[in-house]
Amino acid sequence: MLTNENKKDDFIFGLRPVIEAIEAGKTIDKIFVQNALQGPIYAELKTILAKHKIRPNYVPIEKLNRFTRKNHQGVVAFISDVPFHRVEDLVPQLFEEGKTPFLLILDRLTDVRNFGAICRTAECVGVDAIIIPEKGGAPINSDAIKTSAGALYNIKICKEPNLAHAVDFLQQSGISVFAATEKAQKLIYDVNFTEPCAIVMGNEETGISKEVMHHSDEKIKLPIEGKTQSLNVSVACGAILYEAVRQKIVAAPNL
């Protein structure tokens with residue numbers, strides 16, 4: 001049975017169709033390969049995956065059978081209409097264009113509606129790019145694009161194999177990384193968002209991973225006055241992004 005996140009028009013299956021899709025330049029969001037799959041065509045697929053730096057998820061056949069009841073030959077690939085970028089290519093480009101990088105890192109957000117809504121807000125406030133992990137995040141499919149109101153077509157998405165390493169690269173590039181967590185001591189109003197910066201938002205249930213949290217420069221939080229001690233991640237992200245925008249407007253000359 002297909003879920004809303006895995007609609008038919010979002011994926012292809014079969015060894016040869018997947019190979020042809022990759023060679024045709026299709027953007028692969030996720031690819032699932034049956035454990036212990038063998039054979040000459042699979043060997044060809046492995047070579048192509050390595051060439052294009054696509055990392056497969058190895059899963060039991062039962063998981064593939066949940067995607068489709070047809071002959072998938074041990075391979076199912078989800079296609080994205082949104083191209084992916086690499087952070088090490090994007091950041092130098094932003095500086096060369098004279099921009100002050102304003103980035104958003106989404107650490108394993110799984111709800112496609114939260115993801116789409118955040119992308120919509122991020123594009124509206126002028127975020128230069130959103131950085132997501134290769135594995136563990138919401139699929140970038142037609143549902144995500146619809147929820148984002150098309151904003152995913154207008155904002156760059158960087159898909160990284162290791163978010164902690166991406167954070168290190170940002171810091172080495174002169175970009176401060178702020179991790180949003182209710183356990184922080186510092187409020188969002190007490191940090192400077194006008195300099196090159198990246199804001200990290202965590203998973204809906206578990207928050208930001210320990211590794212990414214450890215590598216971040218500072219922990220920040222929103223003030224919570226009511227009895228409910230947490231906000232939906234999309235709402236929290238919007239509040240933080242608009243504080244950053246407020247600071248940029250106030251600091252901008254001739255305004």
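The values are calculated or read from the model by the stated rules, or taken from the named source; none is laboratory data. None of these values were measured; they are calculated from a predicted model. Glycine also receives a Cβ, built like all others from the backbone with ideal geometry; neighbour counts cover every protein chain displayed. To get the accessible areas, we keep the full protein, side chains included, count just its heavy atoms, and leave off ligands, DNA and RNA. Shrake-Rupley method; radii C 1.70, N 1.55, O 1.52, S 1.80 Å.
Based on protein heavy atoms only, segment 84-251 ends up with 46 Å² per residue of surface accessible to a 1.4 Å probe.
If the chain linking R16 and E44 were pulled fully straight, counting 0.36 nm for each residue of separation and taking away their Cα-Cα distance, it would gain 9.1 nm.
Ranking F78, L231, F115 by how far each Cα lies toward the positive end of the dipole of the chain (charges on Cβ) leaves F78 at the top.
Averaging the Cα positions of each part gives two centres, and for segment 49-102 and segment 110-137 these lie 15 Å apart. Carbon-plus-sulfur accessible fraction, segment 122-255 (probe radius 1.4 Å, protein heavy atoms only): 51%. Note on R69 and D168: their simple-model spin labels are 4.8 nm apart, each label 7 Å out from Cα toward Cβ. Around the Cα centre of the chain, unit charges on the Cβ atoms of Lys, Arg, Asp and Glu (plus for the first two, minus for the last two) sum to a dipole of about 740 debye. For segment 133-191, the orientation-averaged shadow of the C-alpha convex hull comes to 6.0 nm² (one quarter of the hull surface). DSSP assigns beta bridges within segment 11-79; of those with both partners inside it, close to 75 percent run antiparallel. Listed values (1) 17.2, 55; (2) 18.3, 58; (3) 19.5, 66 include one computed from this model; for Rg and Dmax of the Cα atoms in Å that value carries the label (3).
Placing +1 on the Cβ of every Lys and Arg and -1 on the Cβ of every Asp and Glu, with no other charges, gives segment 1-125 a dipole of roughly 540 debye about its Cα centre. Kindly provide the chymotrypsin sites (Phe, Trp or Tyr not before Pro) of segment 77-152 that DSSP labels as loop, not H, G, I, E or B, and whose Cβ sees at most 15 other Cβ atoms within 10 Å. Loop-located and lightly packed - none at all. Report summary: the helix-based calculation at 222 nm, which adds -39500 (n - 2.57) for every DSSP H run with n ≥ 4 and divides by the residues of the chain, gives -11000 deg cm²/dmol. Across all directions, the average flat footprint of the convex hull enclosing the Cα atoms of segment 164-205 is 3.6 nm².
For K30, nonlocal amide neighbours, meaning residues 5 or more places apart or on other chains whose placed amide H falls under 5 Å from its own, are F78. Long hydrophobic helices in the chain, taken as whole DSSP H segments with a C-alpha length of 24 Å or more on their own axis and mean Kyte-Doolittle hydropathy at least -1.0: 233-251. Each Cα pair under 8 Å and six or more residues apart adds its separation to the average, and for the chain the resulting relative contact order is 18 percent. Full extension of the chain between K51 and Y153 yields a length gain of 34.1 nm, computed as 0.36 nm times the residue separation minus the alpha carbon distance. Projecting the Cα atoms of F178, F67, I188 onto the charge dipole of the chain (Cβ charges, centred on the Cα centre) puts F67 farthest toward the positive pole. Can you tell me the FRET efficiency between E182 and A252 if r is taken as the Cβ-Cβ distance and R0 is 30 Å, rounded to the nearest 0.05? With R0 = 30 Å, the Cβ-Cβ based efficiency is 0.45.
Residues whose amide H falls under 5 Å from that of I220, counting only those 5 or more places apart or on a different chain, are A179, A180, T181, with hydrogens built in the peptide plane. Legend: calculated FRET efficiency, F95 to I224, from the Cβ-Cβ distance at R0 = 45 Å, rounded to 0.05, equals 0.80.
Taking GluC sites (Glu not before Pro) across segment 153-255, the ones in a DSSP loop with at most 11 further Cβ atoms lying within 10 angstrom of their Cβ are E205, E225. Using a/c under 1.5 as the rounded threshold, could you call segment 150-255 rounded, prolate or oblate? The axes a ≥ b ≥ c are square roots of the C-alpha gyration tensor eigenvalues, and prolate needs a/b larger than b/c, oblate otherwise. The shape class here is rounded.
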